[in-house]
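The values are calculated or read from the model by the stated rules, or taken from the named source; none is laboratory data. Given the structure is predicted, the values throughout are model-derived calculations rather than measurements. Here the Cβ positions follow ideal geometry from the backbone for every residue, glycine too, while neighbour counts run over all protein chains shown. Just the protein is used for accessible areas: all its heavy atoms, side chains included, with ligands, DNA and RNA removed. Shrake-Rupley method; radii C 1.70, N 1.55, O 1.52, S 1.80 Å.
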Amino acid sequence: MPAKRVGEMVFLSGVISTGREGVITGTVGADRSIEEGYAGARACALTQLAILKRELGSLDRVTEVISVNGYVNAIACFADSPAVINGASDLLVAVFGEAGRHVRAAVGVNALPKNAVVEIQMTVRVKEP
């Protein structure tokens with residue numbers, strides 16, 4: 001399930017970084033830069049917004065972003081996962097303003113599905129129609 005609604009909360013499954021040409025792959029610190037990872041995280045957030053719009057009918061129903069869990073495909077000892085996940089966080093604040101501010105985790109991992117550079121999972125609060 002891409003999304004599960006429980007009352008006013010919508011829990012969004014993790015989505016991997018994708019673009020026009022398919023999965024955005026790679027390992028930050030090896031063959032991908034922090035900036036490329038940031039773009040991958042932004043792409044994940046855009047996918048999550050599309051899922052929310054499909055689920056809710058309109059993004060106007062989002063009252064706030066509660067949390068973001070971000071996973072970065074990175075080399076061992078990579079210390080800049082927060083800078084990568086800022087790609088998602090910055091976009092959410094740009095779209096929703098203060099309601100886009102959220103708690104989050106930014107975790108470096110040694111592998112993601114399909115060798116994606118980033119995966120993002122979110123929880124949002126919504127108002128009834």
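Numbers at a glance
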quantity	calculated
Residue-level accessible surface for Lys127, protein heavy atoms, 1.4 Å, Å²	100
Candidate lysines for bridging to Lys53, where Cα separation is under 21 Å - those fewer than 8 sequence places away on the same chain excluded	Lys4, Lys127
At q = 0.22 Å⁻¹, base-10 log of I(q)/I(0) for region 54-95 (Debye sum, equal scatterers on each alpha carbon)	-0.82
Rounded to 10°, Cα long-axis angle of helix 81-96 versus longest principal axis of the chain	30
Accessible-area order (highest first, 1.4 angstrom probe) of the listed residues Met1, Met122, Met9	Met1, Met9, Met122
Spin-label model distance (nm) - Ser33 vs Arg20, 7 Å beyond Cα toward Cβ	2.0
Å² per residue, accessible surface of the chain at 1.4 Å	51
Theoretical ellipticity at 222 nm over the chain - DSSP helices of four or more residues, -39500 (n - 2.57) apiece, nearest 500	-10500 deg cm²/dmol
Mean separation of Cα contacts under 8 Å (6+ apart) over length of the chain, as relative contact order %	39
Antiparallel bridges, percent of DSSP beta bridges restricted to the chain (to nearest 5)	70
Crossing angle, helix 34-56 versus the chain [Cα axis fit, 0-90 degrees, rounded to tens]	20
Kirkwood-type radius of the chain, with distances r between different C-alpha atoms, in Å	14.4
5 angstrom amide H check on Arg32, placed H, neighbours 5+ away	Thr27
Accessible surface of region 78-129 [probe 1.4 Å, protein heavy atoms]: carbon and sulfur percent	51
